[in-house]
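Remarks on the structure that follows.
The values are calculated or read from the model by the stated rules, or taken from the named source; none is laboratory data. None of the values given here were measured: they were computed from a predicted structure. Note that we place each Cβ from the backbone using ideal geometry, even for glycine, and neighbour counts take in every protein chain shown. Heavy atoms of the whole protein, side chains included, go into the accessibility calculation; ligands, DNA and RNA do not. Shrake-Rupley method; radii C 1.70, N 1.55, O 1.52, S 1.80 Å.
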Amino acid sequence: MESATHDPHTDVDLSVSLAGVALSNPLMTASGTCGYADEYADFVDLRELGAFVTKSITVSPRAGNEYPRVVETRAGMLNAIGLANVGLEAFLSEKVPKLEKLGLPVFVNIAGSTVEEYLAVAEAMERVDIVRGCELNISCPNVKAGGIQFGVDPDAVESVTARVKNACRTKKLIVKLSPNVSDITATAAAAVAGGADALSLINTFTAMAVDIETARPILANRTGGLSGPAIRPIAVYMVHRVYTQVARQAGVPIIGMGGIQYARDAVEFLLAGATGLAVGTALFVDPGCIVEIKRGLTNYLIQHGYTSIREIIGTLRME
Amino acid sequence: MCNETISRRGVYPARVLLNEAICREHYRLRLKLAVFPPSRAGQFVQLQCRPLTPPPDEIVTDWPDDRPPSFTQPELIGAEPLLRRPLSLAGRQDEPDGARLEILYRAIGAGTHWLAGVKSGETLSVLGPLGNSLPIIENKPIAALVGGGVGIPPMLYLAGALRQAGKNVTAFCGSRTKDLLPLSAGPAPADPHGKPSLCAAEFAAADTPTVLATDDGSLGVRGFVTEAFAGWLDARKDAPEALVVYSCGPEAMMRRVGEVCIARGVECYLSLERHMACGMGTCQSCVVKIRDETPRGWSYKLCCTDGPTFAAKDVIWE
């Protein structure tokens, strides 16, 4: 919806630095919810974002899971796409030229079933200027060998992070954490020990929806990842725990995500300790929501007397 | 608004002109949009099935200056769905002050039940137009449309477009029973033996004779619409190359229409339906197996952007 024209509030600074990468504002796309950028060209000017995160790239193309792949649940949705993607070669030849036109810092989400596959994609990204970093997907819940085997055990997280970090000679390495663990601060600490430059949290929750007439799971994959507003309070809690117990001391920034739909949601994540903010499921409803969120963030800062968004990061008062 | 702006797909506000029950579970929704890009038969929109404006506590954009915002009350999410609902266009009329869109829908879940309660004068958010379209083929003078239940709407839009292109059009529409057929009685009665007549007002408006079929025989031919259609096709004397068939409805129905056409060498296009989240090609959820030249013999195509219309010969049924 168009809202009334406001003063552009140019005196409020929304810029953040994400592990040394300057972003004009904290808003990013959550991997897998924005394709390779050209899909939304008609619906929103993606240059409103601070950075773009691609869908997962694997060495070989992947067709993905059987249909049905999504089901809506109350205040959220389950997906089991199965890392469907064009593969590394087509990504480099067909998608990178489109990403170059965006003029935004790009982070490429990389997935694989072996460490070698992660390394192959990370190595290839070294040669792509527009790519500022890789986001290591060790938390896809929808593929048997989609990285989750690396993502739930702290020792495995540390070792895969360290090996991929070694391949990221000129690029930043973001590690995307799974919430499907008993203590997310343990995997967060392991990623930091392995050399992660930033942490993304959270990926989706493994979940199931049932067709009560057939007494079968609705998704062909049986389980899927729960996203959307339903998971936001848990995501905010996990960001706050990781920020206070791991990331703040280590000086490693967090990209917070999980159900961000409105500006107020984004403020929650910032207060909890996130430096970057990724929007995912809400883009499916209206890609233009990023413009509204930005406007709302600016208004919030003005109303509370701040001049920079950086002033509120991690300022949640617990006393 | 300049032409460049309205030629882009986007999110547009729409005023509800009418939202009325037409038969059991089915509704007619007429929307007025000040601007809407050009659309074609077979395309669809993603309709937001919840209030347009989020509750005040959820937005941080337009607080009155004298009321500091309060964060003490977390947002409350009602029973309305988060995701939009994909709905086919049943027709469109361009007027000097904008576009009028016609949508026929079946109230079957949380989103469409919410939609059924919307009143004239309210505003809805329309994302679109989306998808490819049902092709109008130059050297095919004779067209048959086969619609089942809530698959009938795109056939209505197409009937108008085909008639404008000067085609000879016959429609076949079916449902389980009379009460579930989202069409109004036309000037002529429905023939129980499958002879096309102006028996459906909406198709009659496009000068399209129609055959109605109900599984229980409560209206028109007793039995499946696919068999009424196959009987009509077999009685035609035209060369198969002169004909083209379009279908939208339940999957078993479209599959049968496809088989009937392929066996007779008649070109056939199906407008498929899939659960989808975005409709814009990003969520990758609405996949259809489509035959191709790859070693495996098929690839997943997206119903929302590669479709929803596919050639019947290319569709691999599960």
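Please report, in debye to the nearest 20, how large the charge dipole of region A:8-311 is about its Cα centre when each Lys and Arg carries +1 at its beta carbon and each Asp and Glu carries -1 there. Display every interim value, and only then the final one.
On the way: 26 positive and 30 negative charges, 62 e Å.
About 300 debye.
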- Item | For residues of A:292-302, the mean tally of beta carbons on other chains within 10 Å | 3
- Task: State the answer as a single residue: which of A:14, A:191, A:88 lies farthest towards the positive end of the charge dipole of region A:8-311, with beta carbon charges of +1 for Lys and Arg and -1 for Asp and Glu, about the Cα centre.
- Result: A:191
- Note on the structure: Projecting the Cα atoms of A:29, A:170, B:232 onto the charge dipole of the protein assembly as shown, where Lys and Arg contribute +1 and Asp and Glu -1 at Cβ, the residue farthest towards the positive end is B:232
- Message: Taking a cut-off of 23 Å, what percent of all Cα-Cα pairs in region A:8-311 are separated by more than that?
- Response: 52 percent
- Query: Summing +1 for each Lys or Arg and -1 for each Asp or Glu, what net charge is found among the other residues whose Cβ lies under 12 Å from the Cβ of residue A:255?
  - Reply: 0
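When you count, for each residue, the other Cβ atoms within 10 Å and take the mean per peptide, how do A:110-122, A:89-101 rank with the highest first? Walk me through the intermediate numbers first.
Working: A:110-122: 20.8, A:89-101: 15.2.
The most tightly packed comes first, giving A:110-122, A:89-101.
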- Using 0.36 nm per residue of separation minus the Cα-Cα distance, give me the extension gain between residue A:220 and residue A:250 in nm, one decimal. 6.7 nm
- With a 1.4 Å probe on protein heavy atoms only, work out how much accessible surface B and A bury together, total over both chains, in Å² to the nearest 100. 3900 Å²
- Note, ³J(HN,Hα) from phi for region A:301-315, Karplus 6.51, -1.76, 1.60, rounded to Hz, x at Gly and Pro: 5, 5, 4, 9, x, 9, 10, 9, 5, 5, 5, 9, 5, x, 9
- Given H placed 1.01 Å from N in the peptide plane, which residues other than close sequence neighbours of residue B:198 have an amide H under 5 Å from its amide H? B:188, B:210
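Note down the magnitude of the dipole of chain B about its Cα centre, charges +1 on Lys and Arg C-beta and -1 on Asp and Glu C-beta and zero elsewhere, to the nearest 20 debye.
Details: 34 positive and 35 negative charges, 129 e Å.
For chain B, the charge dipole is close to 620 debye.
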- Item | Placed amide H near residue B:146: partners under 5 Å, 5+ positions off or other chain | B:172, B:246, B:247, B:248
- Message: Just to check I understand the Karplus step: with θ = phi - 60° and J = 6.51 cos²θ - 1.76 cosθ + 1.60, what whole-Hz values come out for region A:149-166, glycine and proline as x?
- Response: 5, 8, x, 9, 10, x, 5, 5, 4, 5, 6, 5, 4, 4, 5, 6, 4, 4
- Table column - 3J(HN,Hα) (Hz), region B:295-307, Karplus curve with 6.51, -1.76, 1.60, x for Gly and Pro: x, 6, x, 7, 9, 7, 10, 8, 4, 6, 10, 6, x
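Label region B:117-236 by shape, choosing from rounded, prolate and oblate, from the square roots a ≥ b ≥ c of the eigenvalues of the Cα gyration tensor; if a/c is under 1.5 it is rounded, and otherwise prolate applies when a/b is larger than b/c, oblate when it is not. Write out the running numbers ahead of the final one.
Numbers: a/c = 1.90, a/b = 1.20, b/c = 1.58.
Oblate.
Treating the beta-carbon of each Lys and Arg as +1 and of each Asp and Glu as -1, no other charges, what is the dipole magnitude of the protein assembly as shown about its Cα centre, to the nearest 20 debye?
Values: 61 positive and 68 negative charges, 182 e Å.
The dipole magnitude comes to about 880 debye.
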- Task: Past 20 Å, Cα to Cα, is the threshold; run B:195/B:237; A:101/A:176; A:171/A:294; A:55/A:101; B:140/B:195 against it and keep the listed order.
- Result: A:101/A:176; A:171/A:294; B:140/B:195
- Query: In whole Å, how far is the Cα centre of region B:181-215 from that of region B:219-282?
  - Reply: 18 Å
- Check residue A:172: other-chain or 5+ apart residues with amide H under 5 Å from its amide H, H built from backbone geometry? A:133, A:134
- Based on the Cα coordinates of chain B, what is the per residue volume of their convex hull in Å³? 165 Å³
